[in-house]
1. If you go through the stretch 108-131, how many residues are part of a loop (DSSP other than H, G, I, E, B), touching a strand residue (DSSP E or B) at 6+ places or on another chain (Cβ under 9 Å) and within 17 Å of residue 222 (Cβ to Cβ)?
2. Exactly one of these conditions fails for residue 223: (1) at pLDDT 95 or above; (2) assigned to a loop (DSSP other than H, G, I, E, B). Give me its number.
3. Do the conditions hold for residue 396, that is, is it among the small types (Gly, Ala, Ser), within 13 Å of the chain's Cα centre (by Cα) and within 26 Å of residue 160 (Cα to Cα)?
4. Among residues belonging to the stretch 249-276 that are acidic (Asp, Glu) and assigned to a helix (DSSP H, G or I), point out the one that is surrounded by the most Cβ atoms within 10 Å (Cβ to Cβ).
5. I'm trying to understand the selection: among the residues of the stretch 132-163, which are more than 22 Å from residue 185 (Cα to Cα) and outside any loop (DSSP other than H, G, I, E, B)?
6. Pull out all pairs, ordered by first then second residue, where Cβ-Cβ is under 7 Å, the residues are six or more apart or on different chains, the first lies in the stretch 280-293 and is assigned by TED's automatic domain parsing to the domain that holds residue 393, and the second is acidic (Asp, Glu) and assigned to a loop (DSSP other than H, G, I, E, B).
Amino acid sequence: MKSLIKLVFFFFLIVACSNQQNSNFNTTRLNEIDTLIYSFIKDNQIPGAVVLVGDNKNIIYQKSFGIKNPITNDKYQINDIFRIASMTKAITSIGVIKLWEKGKIGLDDPIEKYIPEFKNVQILDSYNKKDTTYSTIQTSNSITIRQLLTHTSGIGYGFIDGNPSIKSIYHKEKEKFMKYGVLCFCDQDITIGETIRNLAKVPLHHNPGERYTYGIGLDVLGHLIEIISGKTLDKYFYDEIFQPLEMNDTYFYLPENKYDRLVPVLTKKNNKWVMFEDKRFNINYPIQGAKKFFAGGCGLSSTISDYYKFLTVFLNEGKYNDNQIISKKTNELLFQNQLPGIENFYLLNYDKGNLKAESFPLGHGLAFGIIRDEDLRFGGRGSKGSLYWGGYYNTSYFADPKENVIGLIFKQTQNIQDNSSELFQRIVFNLVE
């Protein structure tokens, strides 16, 4: 019996050593992450967070910090469920890519081929602040699926749009468009299809493909997935992504037995943490309302470990365990920047002839933000080709294929100044040997 116990002990010791050897982290310095997060909590910059660091095979570090509910004093837990908002976009993008792999769509197909309302879309030409009237002009080309994936379609972003005129047009039409769920966080008795068909009537910022404009393109693609697959977006995600990746805590709308794991969104009032509320939408949309609006750009809630599983696919040549989620060659394609960099923006040719380098301020692939050569001068963001993005409620991630590093930090806050995510990323890369 003693020999058997020794044998089991040595087996687990070998496995543990093997896992540590496969990691390129200095694990003895992981407490630097603790020091960082605790300092932000002590300085009252964040109420708390859940963080995770791993590689393509193993979670190396995972920890929760701080108080998530100032009323009950409940602490953050590593299995808490967070509204991941725009981190939904990468999942929707992979859903589109899977349809493309099967030959059901082309990346350069015009979206009007599948959603006719996008035929003859218009560009905002002038806007009169006094009476809120505006004029439009015809686009010179159609919006493509690739442009929707890379935020170059010209479609804006409603209440967070960067153009005051476009924002005002959404506001002017709020009875129509908010009724039909242009806001991503929707608890009303409507579908994404109703929203998208009305969205097509809002003027674009610019000609499709002309420059980068962060917008609701992934919500359009969420509806495209429903049209092509014949399934609602939640069912498609479950069948094609969540079930194969064992993402058992990722939903548009949580089942009742998981309501208590949803983290409340906090903000500060008189320097104290309080529950955040927003008159524009119901902040508790993941557990309230009609639960039928599946926003492909921002609707999901998830755990930090579920999203880690999703990211491992792209550091494992498209695989999760032995399951090929996307092909190896498709996976390679996801690491390629689809937007022109500073060094080659002039190669593009448009009718207006006024394209500038600033038109494409970052790298973006078919599913993620991409670190470019020109981004490396800032330091602390990993290697060229690294994937990254974040969400409206301060969740974020990065995945570096060269160093085999995945990092995530999840918070649920609004209207605060906080650079803990940036410093977390910097510390993680300082631990790489």
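1. Summing the residues that are part of a loop (DSSP other than H, G, I, E, B), touching a strand residue (DSSP E or B) at 6+ places or on another chain (Cβ under 9 Å) and within 17 Å of residue 222 (Cβ to Cβ) in the stretch 108-131 gives 1.
2. (2)
3. Values: among the small types (Gly, Ala, Ser): yes; within 13 Å of the chain's Cα centre (by Cα): yes; within 26 Å of residue 160 (Cα to Cα): yes.
For residue 396, the condition - among the small types (Gly, Ala, Ser), within 13 Å of the chain's Cα centre (by Cα) and within 26 Å of residue 160 (Cα to Cα) - is met.
4. Among those residues, the one meeting the criterion is 260.
5. 134, 135, 136, 137, 138, 144, 145, 146, 147
6. Hits for this filter: 282/187; 283/277; 285/187; 288/187; 289/187; 290/187; 290/189; 292/189.
The rows are residues; the columns are (1) in the same structural domain as residue 303 (by TED's automatic domain parsing); (2) surrounded by 12 or more Cβ atoms within 10 Å (Cβ to Cβ); (3) at pLDDT below 95.
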| position | (1), (2), (3) |
| --- | --- |
| 15 | no, no, yes |
| 20 | no, yes, yes |
| 35 | yes, no, no |
| 43 | yes, no, no |
| 47 | yes, yes, no |
| 54 | yes, yes, no |
| 59 | yes, yes, no |
| 70 | yes, yes, no |
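Results for (1) modelled with pLDDT of 95 or more; (2) under 15 Å from the mean Cα position of the chain (by Cα); (3) assigned by TED's automatic domain parsing to the domain that holds residue 98, shown as yes or no for each residue.
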| position | (1), (2), (3) |
| --- | --- |
| 320 | yes, no, no |
| 334 | yes, yes, no |
| 337 | yes, no, no |
| 340 | no, no, no |
| 343 | no, no, no |
| 371 | yes, no, no |
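The values are calculated or read from the model by the stated rules, or taken from the named source; none is laboratory data. Worth saying up front: this structure is predicted, and the values here are computed from it rather than measured. Because the Cβ atoms are built from the backbone with ideal geometry, glycine has one as well, and the counts that use them run over all protein chains shown.
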